[in-house]
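The values are calculated or read from the model by the stated rules, or taken from the named source; none is laboratory data. Since the structure is predicted, the reported quantities are computational estimates derived from the model, not experimental observations. Because the Cβ atoms are built from the backbone with ideal geometry, glycine has one as well, and the counts that use them run over all protein chains shown. Note: areas computed on protein heavy atoms with side chains; ligands, DNA, RNA excluded. Shrake-Rupley method; radii C 1.70, N 1.55, O 1.52, S 1.80 Å.
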Amino acid sequence: MIREFFLGFIKIHTLYHASKGGICGIEIIKELKRHGYAVSPGTLYPTLHALERDGYLKSRMLVIHGKRRRYYKATKKGISVLKKSRERLRELVEEVME
Ligand SMILES: [Zn+2]
């Protein structure tokens, strides 16, 4: 139940960081942890794959410090959804935080 609520936040948060430059799964997990969310790879990776399948993210394999990792970047479509989500979030947050 709670997981379902947070999944949307996790998607928007991932899009946000992926719009700032390439980010890999492990970095997203660390970043979520910093915000207080414990998300397992088993939850995150299917989410990343779905976002890529739907055209919001684009990935490529990079070798960094000898490790092969898949890096994700937001596509134009992803950035446009992020902008819309931001407006909607702002409105809802303003009401909820009242
Ligand atoms: Zn963050």
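Axis of helix 2-19 versus longest Cα principal axis of the chain: the two differ by about 60°, to the nearest ten degrees.
The calculated 222 nm mean residue ellipticity attributable to helices in the chain amounts to -21000 deg cm²/dmol, summing -39500 (n - 2.57) over DSSP H runs of n ≥ 4 and dividing by all residues. The alpha-carbon atoms of the chain define a convex hull whose volume equals 109 cubic angstrom per residue. When you filter the trypsin sites (Lys or Arg not before Pro) in the chain for DSSP loop state and at most 12 other Cβ atoms inside 10 Å of their Cβ, you are left with Lys20. With a 1.4 Å probe and every protein chain kept in, tell me what percent of the accessible surface of the chain is carbon plus sulfur. C and S atoms contribute 56 percent here.
Looking at segment 36-97, the accessible area is 77 square angstrom per residue; that uses a 1.4 Å probe and ignores ligands, DNA and RNA. Scalar couplings 3J(HN,Hα) for segment 49-54, obtained by applying the Karplus form with A = 6.51, B = -1.76, C = 1.60 to θ = phi - 60°, are 5, 5, 5, 6, 4, 7 Hz; x denotes Gly and Pro.
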